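Worksheet: the structure to be examined is printed underneath.
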Amino acid sequence: MNLYEIKGVYKSYNNKAKSRVYAVYNIDLTIKKGEVLGIVGESGCGKSTLGKMLLKLEQPTQGRIIFNQQDITDYSFKQMRKIRSGMQMIFQGTANAFNPYFTVEQIISEPLNNYSREAKELKEKKIVEMLERVGLNKTYLTRYGQEMSGGQRQRVGIARALILNPEFVVCDEAVSSIDYALKNQILQLLTDLKQQFGFTYLFISHDLASVNKICDRVVVMYLGNIVEIIPHINYQVQHPYTKALLAATLIPDPHQRERKRVLFREGEDLKIPKSGCVFQNRCLYTQSICQTEQPALMSKSGEHYIACHLCHNY
Ligand SMILES: Nc1ncnc2c1ncn2[C@@H]1O[C@H](COP(=O)(O)OP(=O)(O)OP(=O)(O)O)[C@@H](O)[C@H]1O
Ligand SMILES: [Mg+2]
C-alpha cells in the first residue's frame, strides 16, 4: 500500500534576477505505508522543499500529490486541517524556531490543544512520557527555549512532532545536532513507533550513518532531480553522482573532499541544463547522448532505480 504517490512534481521560485529556478524538478516517487524513506543529496538539492510539499507547507508549481488515495494537491487550508494532525514535520534547525516566551510544556502541548480534547491531566502525563522517550524529563517542563542547548531544543521539537502519534513524519535533519548515544536512542524511538503503529517517515539527512541505521530505501537527489533510488546506503550504487557523494562523505580530510570536483560546492549556483542529464556538467563519463536526452529513472533490479544512460546500458 502506498501512503504517498508523487506524480510529476515541480517547484520553482523566481530568484533575485527574476529568472526561474527549480528547487524540485519532475519528481515521481511513491512512499509505502510503514517505510522509512531516506533522502540524501548536497545542500540546495531540494530535499526540504520536497518534504514541505508533501505536508502542503509549500504548494507544488506543477504535478499531483496523492495521500492515502486522496489527491490533496489543491486542498484548502481547511480541508488539510482534517488530515494534518496525522502528518508532522521535524524542522531543520527547529532549535531556534520556538517562541522564546513559551515553556517546553507550552511548546509540546500546542498540537495537543489544537487537535485533542483529552483532560488536562492526561495531556500532562503524555507530555512527560514523551519527554522521557527523547531523553529529557519533567524538570524541563518549565524551561524556556533559550535555557536549553541546541540538542535539547531539537529533542523538544521531536517530542512536539510525535505527541499526536502522527501517521507520517518528515524528519528534516532531525538528529543531526544530537550527540551519538542520544541519537541512537531517538533513532530507536522512531523505529519502535514505526513497528508499534506502522508509522511512515521521510528521513532527510546528511548523516549517512543514521540513514544506514533507520532507512528502508534511500533516494538520492541532485539539483531537484532523483538520480538514484537504492534499497539501502551500503548497496552497490551505480550512479556517478551517488558514488562521488558517498566517497566524499567517507573522506575525513576536508581538503581532500574539496578536490572531488564532481561535487557541488557551497555557494555555487548551479543551473539545471536545458537538455539532457542533470549531472552532465560534473560527470566524468559524459557522452553525447547525455547532453541531448534526459535519462529516465528506470528500475535496474527490484528496488534499485537509476537515471543514467551509461548505467542503463550495463
Ligand atoms: N522560498 C524560496 N525562495 C527562493 N528559492 C528557494 C526558496 N526555498 C528554497 N529555495 C531554493 O531551492 C533550492 C532547494 O532548497 P532546499 O531548502 O529544498 O534544499 P535542501 O536540499 O533542503 O538543502 P540543505 O541540505 O541545505 O537543507 C535551493 O537552491 C534554494 O535556494
Ligand atoms: Mg534542507
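The values are calculated or read from the model by the stated rules, or taken from the named source; none is laboratory data. The structure displayed is predicted, hence computed values, not measured ones. We place every Cβ from the backbone using ideal geometry, glycine too, and count neighbours over all the protein chains shown.
Figures for the structure shown
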quantity	calculated
Matching residues, segment 280-314, being under 26 Å from Val36 (Cβ atoms) and touching a residue at least 24 places away in the same chain (Cβ under 8 Å)	Leu297, Lys300, Gly302, Glu303, His304, Tyr305, Ile306, Ala307, Cys308, Cys311
Residue within segment 41-50 that is away from ligand 1 (no atom under 16 Å from the Cβ) and touching a residue at least 40 places away in the same chain (Cβ under 8 Å) present	no
Condition check for Arg143: of a type in the set (Lys, Arg) and either within 30 Å of Ser43 (Cα to Cα) or within 16 Å of ligand 1 (Cβ to nearest atom) (or both)	no
Condition met for Glu167 (within 16 Å of ligand 1 (Cβ to nearest atom), of a type in the set (D, E, K, R) and surrounded by 19 or more Cβ atoms within 10 Å (Cβ to Cβ))	no
Residue, farthest from Gln196 (Cα to Cα), within segment 51-80, restricted to residues that are hydrophobic (A, V, I, L, M, F, W, C) and more than 13 Å from ligand 1 (Cβ to nearest atom)	Phe77
Which listed residue, of Gln59, Gln92, Gln146, is under 30 Å from Ile39 (Cβ atoms) and modelled with pLDDT under 90	Gln92
Residue selected from segment 258-293 under the condition modelled with pLDDT under 60 and part of a helix (DSSP H, G or I), by the criterion farthest from the chain's Cα centre (by Cα)	Arg259
Check on Thr200, β-branched (Val, Ile, Thr), surrounded by fewer than 19 Cβ atoms within 10 Å (Cβ to Cβ) and more than 14 Å from ligand 1 (Cβ to nearest atom)	no
Number of positions in segment 1-34 that are of a type in the set (D, E, K, R), away from ligand 2 (no atom under 15 Å from the Cβ) and touching a residue at least 24 places away in the same chain (Cβ under 8 Å)	5
In segment 166-213, the residues that are under 19 Å from Ile230 (Cβ atoms), in contact with a strand residue (DSSP E or B) (Cβ under 7 Å, 6 or more places away or on another chain) and of a type in the set (Asp, Glu)	none
Of all residues making up segment 27-67, the number that are out of contact with any helix residue (DSSP H, G or I) (no Cβ under 8 Å at 6 or more places or on another chain), on the phi > 0 side of the Ramachandran plot and surrounded by fewer than 20 Cβ atoms within 10 Å (Cβ to Cβ)	2
Hits in segment 134-160 - residues which are more than 14 Å from Val175 (Cβ to Cβ), in contact (Cβ under 8 Å) with a residue 24 or more places away in the chain, out of contact with any Asp or Glu (no Cβ under 8 Å at 6 or more places or on another chain) and part of a helix (DSSP H, G or I)	Tyr140, Gly145, Gln146
Search result, residues across segment 170-183 that are under 18 Å from the mean Cα position of the chain (by Cα) and either charged (D, E, K, R) or more than 16 Å from ligand 1 (Cβ to nearest atom) (or both)	Asp172, Glu173, Ile178, Lys183
Of residues in segment 35-76 being more than 10 Å from ligand 2 (Cβ to nearest atom) and of a type in the set (Gly, Ala, Ser), the one farthest from Cys215 (Cα to Cα)	Ser76
Selected residue [within 16 Å of ligand 1 (Cβ to nearest atom), surrounded by fewer than 15 Cβ atoms within 10 Å (Cβ to Cβ) and more than 17 Å from the chain's Cα centre (by Cα)] from Asn113, Asn14	Asn14
